[in-house]
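Visitor: Below is a structure I'd like to ask you about.
The values are calculated or read from the model by the stated rules, or taken from the named source; none is laboratory data. Source: prediction; values computed, not measured. In this analysis, Cβ positions are derived from the backbone assuming ideal geometry, glycine residues included, and neighbour counts consider all displayed protein chains.
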Amino acid sequence: MRYVHAMSQPAKSPRATAATDAPETTTAGTRAAAQRLKMRRELAAAAMELFATKGYEATTVDEIAGAAGVARRTFFRHFRSKEEAIFPDHDDTLVRAEAVLNAAPAHEHPLDTVCRGIKEVMKMYAAKPAVSVARYKLTREVPTLREAEIASVARYERLFTRYLLGHFDERDHHVGNDDPLLAEVAASAVVTAHNHVLRRWLRAGGQGDVEAQLDRAFAIVRDTFGTGIGAGRTAGAEPERAPAATVAADGEVLVAVARTDAPLDEVMRTIQQALKER
């Protein structure tokens, strides 16, 4: 596989900006993001408590907003529906996972980068084991929530698949090159390995060293797919080409088969060498 490492370029402003403005803008943006996440988590906590006490179907958006001490419109500024309210961190986690991919060093195998990226998802769950376990139990009981969770997982898988496919030279896609297939299968395998470890950890009540378990699962994925993707090729190397010409003997007759783009002198040398060896 010929890896393509594109260096991102900083966006250029149409006009110069004072250097002292940047820290203030960054600080304001960071503060706003933190407040947004805090509000989303408060709404999520209120939703989880109501779902546990009243049941999912019986709980309304107005009740969730009221329990969090905000208006209904505030709820809808953060979530499109009540089922989204128990997954407050997925959007931000997806951004962090993508940031890991974008900042990957050029020498790192893309599959290793993807494994590091999905660790951001596990960190999200491991940060609050009790909440994660309660949410897991709830999603097992409510099909609508289970579907929302599956949709979230699909977003991660699409992100990782795009990343792996983005490290292929499009011109190198030809018959016999299975790298695109392996990229999609590998991305699915990384997500599956993560989900398997996560479910096992949640079923155990959030106990145990989940990061060590995840590393072991990723090692299995790398052993299975890491050498398969791009096998026999190195970064920046040209794909192996067929010889200019081949010669086969049939009694007293030599049959030469040559590529249409093969240099004539190379074809002649191949035929001459074959004649000498007769």
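Visitor: Exactly one condition in (1) exposed (fewer than 15 other Cβ atoms within 10 Å of the Cβ); (2) in a helix (DSSP H, G or I); (3) modelled with pLDDT of 90 or more is not met by ARG140; state its number.
Guide: Result: ARG140 passes all but (3).
Visitor: Then there's this: Show me the helices (runs of 4 or more DSSP H) entirely contained within segment 1-85 in which 1 or more residues are modelled with pLDDT under 85.
Guide: By residue number, 21-54.
Visitor: Confirm whether VAL95 is in contact with a Gly (Cβ under 8 Å, 6 or more places away or on another chain), assigned to a helix (DSSP H, G or I), surrounded by fewer than 19 Cβ atoms within 10 Å (Cβ to Cβ) and of a type in the set (A, V, I, L, M).
Guide: When the stated conditions are applied, VAL95 does not pass them.
Visitor: If you check ARG116 against the conditions, is it of a type in the set (Lys, Arg) and not in a helix (DSSP H, G or I)?
Guide: No.
Visitor: Among all residue pairs at least 6 apart or on different chains, which show Cβ distances below 8 Å where the first residue, located in segment 47-59, is within 18 Å of ARG72 (Cβ to Cβ) and surrounded by 19 or more Cβ atoms within 10 Å (Cβ to Cβ) and the second is modelled with pLDDT of 90 or more and among the β-branched types (Val, Ile, Thr)?
Guide: Hits for this filter: ALA47/THR59; ALA47/ILE64; LEU50/THR59; LEU50/ILE64; PHE51/THR59.
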